[in-house]
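The values are calculated or read from the model by the stated rules, or taken from the named source; none is laboratory data. Since we're looking at a predicted model, the values are computed, not measured. Virtual Cβ from ideal backbone geometry, glycine too; neighbours counted across all protein chains shown.
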Amino acid sequence: MFDGFDVSWPLRLAIGIFTALVATFLLAPSLIVVPMSFSASELLQFPPTEFSLRWWQQYWQSDLWMPATKTSLLLATVTAAVAVPIAFAAAYATTRSLGWARLPLYGVLLMPATVPPILVAIGLFFVLARLHLVGSFPGLWLGHTVIAIPTAYVILSAGFARFDFTQEKASRSLGAGWWRTMISVVIPQMRFPLLSAALLSFLTSLDEVIVSMFVGGGANTTLTKVMFLGLRDRVDPQAAVISTIWIVLVAMVVTVVFGRQRQEPS
Amino acid sequence: MTLPAADGAFDNSALLRRDRKLAQIGLFGLALPAVLLVTIAIVVPLAAMFWISIARPDGSVSLDTYLRILSTPVYTRSVLTTFQVSGMTVLTCMLLGTPFALVMASAGQRLASILLLVVMLPFWTALLVRTYALSVLLQRNGLVNSFLIDTGLVSEPLPLINNFFGTIVGMTHVMLPLFILPVYAAIKQIDHNIIRAAASLGASKLLTLRAVILPLAANGIFAGAVLVFVLSLGFYVTPAILGGGRVPMISTRIEQNVSVLSDWPAASALGVLLLLSVGLVFLVTFLLRRSIKALGGSANV
Amino acid sequence: MTSAAFIEIRNLSKAYGSFRALNDVGLDVGRGEFLSILGPSGSGKTTLLMALAGFVRPDRGQISVDGRDLVRLPANKRGIGVVFQNYALFPHMNVAANVMFPLRVRGIGRAEAAERARKALDIVDLANMAERDIATLSGGQKQRVALARAVVFEPRLMLMDEPLSALDKNLREQMQYEIRKLHDRLGLTTVYVTHDQREALTMSDRIAVMRDGVIRQLGTPASLYHRPTSRFVAEFLGEANILELDAVESFVAPERDATGAGRKLMIRAERLSLSDASGHDHVSLSGTLTRSVFQGDSWLISVDLANGGAVSARIAAAEAANFNLEALAEGAPLKLHVRRDALIPVIDA
């Protein structure tokens, strides 16, 4: 960018130090939890003084963390499974032109991302309390799906913006009906946006705190709720275990998705 | 050229219009499930909240709750704190994020993609995990304090969490990637020849930065700042954990009103105020952009 | 054209807001005919083709093919083969799968579909490329695959939307020839949209010239080229000199009365000649040379006429040599000759 200029070395050094500091600030929290999870200490500290697997063992046997992990994974899966098709249909419709209705539709579909999550949470809590659905799986599912919709919608809309709709015309001219065209032509070519949308919907649900706090409970307590309560009341080293699992899981999924995408230039 | 109408030809415009309408309705139908879910889960609850905030027990409408909130110091302080925290977060993001984005944009391909990964990685780590890790680093006997004491910079551990400072650090950590990405994108879009031209015209680095790059990046900086500000206004998790109860935001007050005090009218009214603040920021942004465009202030804001 | 026409288009109209893409269009296409729709961009030619294919829903009008009105029929039920501008091959399928697609959609078994696809690929000389990925094909090969895919299901009609516009000049000329050959071999009624007048003249049985959502003239390539009825068609199809009716002495409008208002006289540049061939079927125009440009196979000269107006004349190399055109200076007096039947009255629009 500055190829027309020469930069003096003290300035270079200062820029380098600044960049390294900001990078450290961004990275450190993600990185320190891994060694912390192997700490032997009762207290939470970094760097750990002694190492052990006791927290991993305890996590594995915990009747608090394990069910919450299962709930969260199931919830995230169901959220992605519903939010993605719904957002796909909406993105298709708004891309294929709905005339004047397009702008208000954008507004509605992006609303869950613009309304502060705390308001989504207490609003849902209020409505679900009337329906006696607080602490129920469907209640959590509704909240998470709605929060995942804008993410999935934006990714899929961007995908459709790059999609060549002549493909659809070609398919129809060759005799394929609407469904056949969707399944054989549109969806295969949208597989990367679909995969990204599914991944991010899954992560959005897994990461969601506030709706889970208000709407979850009992048998349907999510990982984030357990963690949040733990963090607020008493800093618990087991959170480091679940954080490590989390980071490894996401790193794996991201590597797989992006690795495949790089292989297949689209 | 007009040929005579074929045998049995008729004006079919009404039928064709109906076909077009049906196709349009079909498209609406595809968008409907998403719209319905958002309506059930967000629009209806928000409408209910609004009603609760203005309804008296006897069903009449009043602004009592709002007057109560505006005259209670606990609430007015939380409004003030919310704006302070949000403003401060935007400021730190600008101070850290803009130079960082500049470095990213001017770095070579390899370094740039590493830095991009650095910015993206926090996205892939759970919000709670990051907040948790920050609290470990910043606690009384945490890494940061030990480092400061070991190097002799301070003699007593500094209070780095459960206060305003900790909240800002946490908020900045969450928001910084969201700020850097649009700024980076905006700087990347600048035509390199403009910078070369500035160099060939004899402009110094500082002048080029101030007179050429920053104005052209202003679009991204502005977008990033608005995004960070709006998200900060309603943020809950980080102030709740790293603020340690000493940084009362509107969001944490709403939570308390619901789960501790069961004061739904106050929670709803605060919610409406929060929503209005968000709406106001968007409105001001929109008007600002439009008036700048109307003034012919070029495409860079 | 009688009512036995294979395609009958009547009163077809389509507006986008206040823009009238098709304005009461009528057109007949005969069975087995190769008809080109020629026009500048925005003339409505692609809209007309897409209405035929079923991708544009007109505001009103009839489109009947083989006696059946299909204006409300969905595109996938029309049985019309379409070749798109960018080929629109499916990138996630290989060549064979692309060509088999229309057959598989029709419920034809894999073995039979494969066999028919192989035959179709054979016709376009791509039999050995069946397993190739679309991304690995050249532009010309993609074009052939698109053709094979559009004919493999034996459509009753073939539509092509500027299919050659992405190819370079040499390949384009070769493909023009091959498309026409394929048409003749299969006897498939074809409607071909292009903005390239030379392409339309080369390939078509008949050409419909469109402008502003209206068909301005319909006819064989030769009749359109030699006897345009309007200034627009004349200029769109070739080098046309447009003169006032009285610019040519002793000009009597051939065939019809040409004294009406808004009429002009059109002479093709290559019909003007330096060779003196005066007689009762020729007229001569005298003037002065203002410019001469050597263009390889011919010279293009500009002449100011004595009676007012100016013309450009294309002089073939042999004739230019005879008259030693190279030595002629600007301002030299000159006499141009033209057959009377090359003086074409046209509407000035």
Where A:L43 falls short, out of the listed (1) under 24 Å from B:Q139 (Cα atoms); (2) out of contact with any Pro (no Cβ under 9 Å at 6 or more places or on another chain); (3) modelled with pLDDT under 85; (4) of a type outside the set (D, E): (2)
Qualifying residue in segment C:64-74 (condition: in contact (Cβ under 8 Å) with a residue 40 or more places away in the chain and part of a helix (DSSP H, G or I)): no
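Which of the residues that make up segment B:254-296 are more than 10 Å from chain A (Cβ to nearest Cβ) and surrounded by 13 or more Cβ atoms within 10 Å (Cβ to Cβ)?
Answer for segment B:254-296, where residues must be more than 10 Å from chain A (Cβ to nearest Cβ) and surrounded by 13 or more Cβ atoms within 10 Å (Cβ to Cβ): B:Q256, B:D263, B:P265, B:A266, B:A269, B:L273, B:V281, B:T285, B:L288, B:R289, B:I292.
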C:L12, sole failed condition from (1) farther than 24 Å from A:D164 by Cα; (2) under 24 Å from the mean Cα position of the chain (by Cα); (3) more than 11 Å from chain B (Cβ to nearest Cβ): (3)
Residues satisfying the stated conditions in segment C:314-331, i.e. surrounded by 14 or more Cβ atoms within 10 Å (Cβ to Cβ) and either β-branched (V, I, T) or farther than 12 Å from C:D297 by Cα (or both): C:I315, C:F323, C:L325, C:L328
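Looking at B:V154, is it in a helix (DSSP H, G or I) and assigned by TED's automatic domain parsing to the domain that holds B:A223?
Values: in a helix (DSSP H, G or I): no; assigned by TED's automatic domain parsing to the domain that holds B:A223: yes.
Judged against the criteria, B:V154 is not a match.
Pick from segment A:190-236 the residues that are more than 20 Å from B:R130 (Cα to Cα) and within 12 Å of another protein chain (Cβ to nearest Cβ): which of them is modelled with the lowest pLDDT? Full working, then the answer.
So the first thing to find is which residues in segment A:190-236 are more than 20 Å from B:R130 (Cα to Cα), and the list is A:190-198, A:214-221.
Filter again for within 12 Å of another protein chain (Cβ to nearest Cβ), leaving A:190-192, A:214-215, A:217.
Details: A:M190: 95, A:R191: 92, A:F192: 90, A:F214: 91, A:V215: 91, A:G217: 83.
Taking the candidates together, the pick is A:G217.
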Residues that are within 14 Å of chain B (Cβ to nearest Cβ) and among the hydrophobic types (A, V, I, L, M, F, W, C), drawn from segment A:143-176: A:V146, A:I147, A:A148, A:I149, A:A152, A:V154, A:I155, A:L156, A:A158, A:F160, A:F165
Those residues of segment A:127-137 which are at the interface with chain B (Cβ under 10 Å from one of its Cβ atoms) and of a type in the set (A, V, I, L, M, F, W, C), in sequence order: A:V127, A:L128
Residue within segment C:36-56 that is at pLDDT 95 or above, within 17 Å of C:L157 (Cβ to Cβ), part of a strand (DSSP E or B) and within 14 Å of chain B (Cβ to nearest Cβ) present: yes
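It is to be established whether one or more residues within segment C:144-153 are under 17 Å from the mean Cα position of the chain (by Cα), assigned to a helix (DSSP H, G or I) and surrounded by 18 or more Cβ atoms within 10 Å (Cβ to Cβ).
Scanning segment C:144-153, I find no residue that is under 17 Å from the mean Cα position of the chain (by Cα), assigned to a helix (DSSP H, G or I) and surrounded by 18 or more Cβ atoms within 10 Å (Cβ to Cβ), so the answer is no.
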Criterion: without any contact (Cβ under 8 Å) to a residue 12 or more places away in the chain and either touching a Leu at 6+ places or on another chain (Cβ under 8 Å) or more than 10 Å from every other protein chain (Cβ to nearest Cβ) (or both) - qualifying residue of A:L105, A:L140, A:L124, A:L119: A:L119
Count - residues of segment C:1-35 that are assigned to a strand (DSSP E or B) and over 12 Å from C:R211 (Cα atoms): 18
Members of segment C:61-77 that are facing another protein chain (nearest Cβ under 8 Å), surrounded by fewer than 21 Cβ atoms within 10 Å (Cβ to Cβ) and touching a helix residue (DSSP H, G or I) at 6+ places or on another chain (Cβ under 9 Å): C:R72, C:P74, C:N76
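This table checks each residue for (1) touching a Pro at 6+ places or on another chain (Cβ under 9 Å); (2) modelled with pLDDT of 90 or more; (3) under 11 Å from C:G39 (Cα atoms).
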| residue | (1), (2), (3) |
| --- | --- |
| C:N170 | no, no, no |
| C:R180 | no, yes, no |
| C:T190 | no, yes, no |
| C:D205 | yes, yes, no |
| C:R211 | yes, yes, yes |
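Tell me, which helices (runs of 4 or more DSSP H) lie completely within segment A:166-256 with 2 or more residues that are buried (at least 24 other Cβ atoms within 10 Å of the Cβ)? Show your work before the answer.
Details: elements: A:166-173, A:178-181, A:191-207, A:210-215, A:223-233.
In segment A:166-256, the matching helices (runs of 4 or more DSSP H) lie at A:166-173, A:191-207, A:210-215, A:223-233.
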Options B:I213, B:I221: the member that is of a type in the set (A, V, I, L, M, F, W, C), crowded, with 20+ Cβ neighbours inside 10 Å and in contact with a Gly (Cβ under 9 Å, 6 or more places away or on another chain): B:I221
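Has segment B:18-27 got at least one residue that is more than 30 Å from A:Y153 (Cα to Cα) and at the interface with chain A (Cβ under 9 Å from one of its Cβ atoms)? Write out each step before concluding.
Let us first name the residues in segment B:18-27 that are more than 30 Å from A:Y153 (Cα to Cα), namely none.
No, there is no match, as no residue in segment B:18-27 is more than 30 Å from A:Y153 (Cα to Cα) and at the interface with chain A (Cβ under 9 Å from one of its Cβ atoms).
Looking only at segment A:44-70, count every residue that is without any contact (Cβ under 8 Å) to a residue 12 or more places away in the chain and within 14 Å of chain B (Cβ to nearest Cβ) and tell me the total. Before you say what the answer is, go through the steps one by one.
Here is the first cut: in segment A:44-70, the residues without any contact (Cβ under 8 Å) to a residue 12 or more places away in the chain are A:45, A:49-50, A:57, A:60-61, A:63, A:66, A:70.
Keeping just the survivors that are within 14 Å of chain B (Cβ to nearest Cβ) gives A:45, A:49.
Looking only at that region, the number is 2.
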Scope segment C:177-205; condition closer than 21 Å to C:R156 by Cα and assigned to a helix (DSSP H, G or I); matching residues: C:E178, C:I179, C:R180, C:K181, C:L182, C:H183, C:D184, C:R185, C:L186, C:M203
Candidate set from segment B:133-156 (those that are touching a Pro at 6+ places or on another chain (Cβ under 8 Å) and closer than 12 Å to B:H173 by Cβ); member that is surrounded by the fewest Cβ atoms within 10 Å (Cβ to Cβ): B:L137
Options C:R31, C:R57, C:R118: the member that is closer than 24 Å to A:G177 by Cβ, assigned by TED's automatic domain parsing to the domain that holds C:P163 and of a type outside the set (G, A, S): C:R57
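Count, please, the residues in segment B:210-241 that happen to be over 15 Å from the mean Cα position of the chain (by Cα) and facing chain A (nearest Cβ under 10 Å). Can you show your working first?
Keep residues of segment B:210-241 that are over 15 Å from the mean Cα position of the chain (by Cα), which gives B:210-219, B:239-241.
Checking the rest, the ones that are also facing chain A (nearest Cβ under 10 Å) come to B:213, B:240-241.
Counting residues in segment B:210-241 that are over 15 Å from the mean Cα position of the chain (by Cα) and facing chain A (nearest Cβ under 10 Å) gives 3.
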